[in-house]
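The values are calculated or read from the model by the stated rules, or taken from the named source; none is laboratory data. The structure displayed is predicted, hence computed values, not measured ones. All Cβ positions, glycine included, derive from the backbone under ideal geometry; neighbour counts span all protein chains shown.
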Amino acid sequence: MRSDNGSGWSSGLPPAPLVKSDVHVVSLVIDTETDPPGLEWLDDEERSRASRFIRRSDARRFIASHAMLRFVLGRCLDVDPASLLFEVGAHGKPTLRHPSADIRFNLFNDPTQG
């Protein structure tokens, strides 16, 4: 099944908008043998970071996880995933810079998957 934006990822992700007390967990199994969808959503810094990986499988894992994060957050806020802007907090944790966003998120990469 394709999502409504044609990204190739399944729908069934968090609906937009979220209720303040909602907690959603999204799991993504990454195929490190093929290029993932969503590269066009990444900003220049994310693309630069992806290009510095030595192993192509690590770059694909990075691209897929960051694109999926943008896809999920964009869906929650009903905005284009490429339009999302992130800031890094005092302790290095990324936060979403969006006028109506009070969304807290975490991106966890399990090296045993994908």
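Of everything in the stretch 72-85, what is modelled with pLDDT under 90 and at negative phi? Give them in sequence order. Spell out how you get there, then give the answer.
Filtering the stretch 72-85 down to residues modelled with pLDDT under 90 leaves 72-80.
Selection gives VAL72, LEU73, GLY74, ARG75, CYS76, LEU77, VAL79, ASP80.
Has the stretch 71-78 got at least one residue that is over 16 Å from SER27 (Cβ atoms), over 10 Å from the mean Cα position of the chain (by Cα) and assigned to a helix (DSSP H, G or I)?
Among the residues of the stretch 71-78, at least one is over 16 Å from SER27 (Cβ atoms), over 10 Å from the mean Cα position of the chain (by Cα) and assigned to a helix (DSSP H, G or I), which makes the answer yes.
Looking at (1) more than 24 Å from LEU18 (Cα to Cα); (2) in a strand (DSSP E or B); (3) of a type in the set (Asp, Glu), can you tell me which one ASP58 breaks?
Evaluating ASP58 over (1) more than 24 Å from LEU18 (Cα to Cα); (2) in a strand (DSSP E or B); (3) of a type in the set (Asp, Glu) leaves (2) as the failure.
Read through the list (1) in contact with a Pro (Cβ under 7 Å, 6 or more places away or on another chain); (2) free of Cβ contacts under 8 Å to residues at least 40 places away in the same chain, then give the number of the only condition that ASP44 fails.
(1)
Which residue is modelled with the highest pLDDT, if the candidates are limited to the stretch 30-57 and must be aliphatic (A, V, I, L, M) and under 13 Å from the mean Cα position of the chain (by Cα)?
Taking the stretch 30-57 first, the residues aliphatic (A, V, I, L, M) are 30, 39, 42, 50, 54.
After this cut, where a residue has to be under 13 Å from the mean Cα position of the chain (by Cα) as well, the list is 30, 39, 42.
Numbers: ILE30: 81, LEU39: 91, LEU42: 95.
Going through the qualifying residues, I end up with LEU42.
Return yes when PRO14 is at pLDDT 80 or above and surrounded by 13 or more Cβ atoms within 10 Å (Cβ to Cβ) and no when it is not.
Details: at pLDDT 80 or above: no; surrounded by 13 or more Cβ atoms within 10 Å (Cβ to Cβ): yes.
So PRO14 does not fit the description; no.
Do we find that GLU45 is of a type in the set (D, E, K, R) and either in contact with an Asp or Glu (Cβ under 7 Å, 6 or more places away or on another chain) or outside any loop (DSSP other than H, G, I, E, B) (or both) in this structure? Please lay out each step first, then the result.
Details: of a type in the set (D, E, K, R): yes; either in contact with an Asp or Glu (Cβ under 7 Å, 6 or more places away or on another chain) or outside any loop (DSSP other than H, G, I, E, B) (or both): yes.
So GLU45 passes the test.
Every residue in the stretch 18-28 that is exposed (fewer than 11 other Cβ atoms within 10 Å of the Cβ), within 13 Å of the chain's Cα centre (by Cα) and either of a type outside the set (Gly, Ala, Ser) or over 13 Å from ASN109 (Cα atoms) (or both), please.
Start the filter on the stretch 18-28 by keeping residues that are exposed (fewer than 11 other Cβ atoms within 10 Å of the Cβ), which leaves 19-21, 23, 25, 27.
Next, from what is left, pick out any that are within 13 Å of the chain's Cα centre (by Cα): 25, 27.
Of everything in the stretch 18-28, just one residue is exposed (fewer than 11 other Cβ atoms within 10 Å of the Cβ), within 13 Å of the chain's Cα centre (by Cα) and either of a type outside the set (Gly, Ala, Ser) or over 13 Å from ASN109 (Cα atoms) (or both), namely VAL25.
When you look at GLU45, is it acidic (Asp, Glu), over 19 Å from VAL26 (Cα atoms), in contact with a strand residue (DSSP E or B) (Cβ under 6 Å, 6 or more places away or on another chain) and surrounded by fewer than 14 Cβ atoms within 10 Å (Cβ to Cβ), yes or no? Talk me through it step by step, then tell me what you get.
Values: acidic (Asp, Glu): yes; over 19 Å from VAL26 (Cα atoms): yes; in contact with a strand residue (DSSP E or B) (Cβ under 6 Å, 6 or more places away or on another chain): no; surrounded by fewer than 14 Cβ atoms within 10 Å (Cβ to Cβ): yes.
It is false that GLU45 is acidic (Asp, Glu), over 19 Å from VAL26 (Cα atoms), in contact with a strand residue (DSSP E or B) (Cβ under 6 Å, 6 or more places away or on another chain) and surrounded by fewer than 14 Cβ atoms within 10 Å (Cβ to Cβ).
Name the pairs whose Cβ atoms lie under 8 Å apart, with the first residue in the stretch 97-114 and over 11 Å from LEU18 (Cβ atoms) and of a type in the set (S, T, N, Q), the second surrounded by fewer than 16 Cβ atoms within 10 Å (Cβ to Cβ) and at pLDDT 70 or above, and 6 or more positions between them or separate chains?
Within 8 Å, the pairs are GLN113/VAL29.
Would you mind telling me which numbered condition in (1) of a type outside the set (Val, Ile, Thr); (2) under 11 Å from the mean Cα position of the chain (by Cα); (3) outside any helix (DSSP H, G or I) MET68 fails?
(3)
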